[in-house]
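Take a look at the structure below.
Each value in this text was obtained by applying a stated rule to the coordinates, not by laboratory testing. Predicted model, so just to flag it, every value in this text is computed and none were measured. Positions of Cβ are backbone-derived with ideal geometry, glycine not excepted, and every protein chain shown enters the neighbour counts.
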Amino acid sequence: MQEGKIVKIISNLYGVKTSLGYIECRARGKFRNDKITPLVGDFVEIDPKERYILNILERKNSLNRPQICNVDAALIVTSLKKPDISYNLLDKLILVIKESQIEPVICITKIDLLGFFEKRKIKKVLNYYQKIGIKVFYNNKLSDLVKYLKGKTVVLTGQTGAGKSSLLNKLNKNLNLETNPISDALGRGVHTTRHTEIHEVDGIYFADTPGFSSINLENINKDNIMIGFPEFNEFTCDYKDCHHIDEKECKVKKGVNEGKILKSRYESYVSFFKELKKWLVFRF
Ligand code: ZN
């Protein structure tokens, strides 16, 4: 028996990376009976001689698009200009990613397009994100990012035009990953072979398609909204169930007014809270 990690699936062939090398395997029928499909990212036990997957180890998370599991980090590629940074989108991605039990990591691009004062302002904001526990890296200093992500399975996300492909090209010029998600309209009705892959670049495993591309909060449990706003937990409101919206005596709102909580973060929170409420109205 040999342990490995599935790095590629083409229809029903599973490419497993092991210490013995890359081995193409088939899945045992028992998985079909148990209604388990091996996914890219799965840690598996295989029979290297017979080339069969014998066992799938427990997953820590899994995504639908791309269909991979055991994702360690979602790299939010965020440009500062062209397109301009959207704090609302950034905060939404952080919430959705954290809710999927994946670590959000920010990679800033196009910082060179900013002037001195703009740069100083934005650095303050980014320091705030670091303070609340989110790692921030810059694409002009990729060695730090590479060091941090080494050995991890990473899915890319972020606005169109933020520089996802150029980031990957900077890491490895031989890679040609699909960074524009195929639109639903194109994908529908077309029979395609199941093909998912993670590519090893500098010791990092990148999914071959970006994730979190359609993000509304519909699938988020409303009780989980605070996962995206860990800094609010440091403020204890008088009402136990304070929503930090209309309540008069609210320590979070006080924190915003005193500059302890970033205003854009609070604005994101309010907009997500209202969006979640809207989905709840539709549901019941
Ligand atoms: Zn409150």
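Measure nothing but the geometry: give the 0 to 90° angle between the long axis through the Cα atoms of 87-99 and the longest principal axis through the Cα atoms of the chain, rounded to 10°.
50 degrees
Mind checking which aspartates and glutamates have their C-alpha under 14 Å from Lys81, skipping anything on the same chain fewer than 8 residues away?
Asp112, Glu118
Residues in segment 211-243, backbone N under 14 Å from the label point at Glu249 (7 Å along the Cα-to-beta-carbon vector): list them, ranges by number please.
Output list for this probe position: 236-242.
With springs connecting C-alpha atoms under 10 Å apart, model the chain as a Gaussian network and identify which of Lys253, Lys124, Lys98 has the largest mean-square fluctuation.
Maximum among the listed residues: Lys124.
To the nearest 10 degrees, how steeply does helix 263-283 sit against the main Cα axis of the chain, on a 0 to 90 scale?
70 degrees
Comparing Leu95, Leu126, Leu20, which has the greatest mean-square fluctuation in the GNM of the chain with Cα pairs linked when under 10 Å apart?
Looking only at Leu95, Leu126, Leu20, the biggest GNM fluctuation is shown by Leu20.
For the pair Tyr148/Thr160, report the inter-label distance in nm, with labels modelled 7 Å from Cα in the Cβ direction.
Simple spin-label model gives 2.8 nm for this pair.
With a cut-off of 8 Å between alpha carbons and a minimum separation of six or more residues, what is the relative contact order of the chain in percent?
With pairs under 8 Å counted, the relative contact order is 18 percent.
Taking +1 at the Cβ of each Lys and Arg and -1 at the Cβ of each Asp and Glu, which of Ile198, Leu126, Thr109 sits farthest along the dipole of segment 63-208 towards its positive end, judged by Cα position relative to the Cα centre?
Comparing the listed Cα positions along the dipole, Leu126 ranks first.
For segment 63-208, take N as its residue count and report Rg(C-alpha) divided by 2.2 N^0.38 Å.
Numbers: Rg = 15.6 Å, N = 146, 2.2 N^0.38 = 14.6 Å.
With N residues counted in segment 63-208, Rg over 2.2 N^0.38 Å equals 1.07.
Work out, step by step, the length gained on full extension between Asn12 and Asn216: first 0.36 nm times the residue separation, then minus their alpha carbon distance; give nm to one decimal.
70.2 nm
Can you list the cysteines of the chain that have no other Cys Cβ under 4.7 Å away?
For the chain, the answer is Cys25, Cys69, Cys107, Cys250, because their Cβ atoms have no other cysteine Cβ under 4.7 Å.
Using the C-alpha atoms of segment 2-58, what convex hull volume per residue, in cubic angstrom, is computed?
Value for segment 2-58: 67 Å³ per residue.
Applying a 10 Å radius around every beta-carbon, put 238-250, 63-75 in order of their mean neighbour count, most first. Present the calculation step by step, with values, prior to reporting the outcome.
Details: 238-250: 12.4, 63-75: 20.3.
Sorting 238-250, 63-75 by mean packing, highest first, produces 63-75, 238-250.
Restricting to segment 2-58, what percent of DSSP beta bridges are antiparallel, rounded to 5?
90 percent
Jot down the per residue volume, in cubic angstrom and as a whole number, of the convex hull over the alpha-carbon atoms of the chain.
Working: hull volume 47.8 nm³, N = 284.
For the chain, the hull spanned by Cα atoms encloses 168 Å³ per residue.
For Lys123 and Leu20, calculate 0.36 nm times their separation in residues minus their Cα-Cα distance, and state this gained length in nm to one decimal.
32.5 nm
Calculate the FRET efficiency for Asn224 and Gln2 from the Cβ-Cβ distance with a Förster distance of 35 Å, rounded to the nearest 0.05.
0.35
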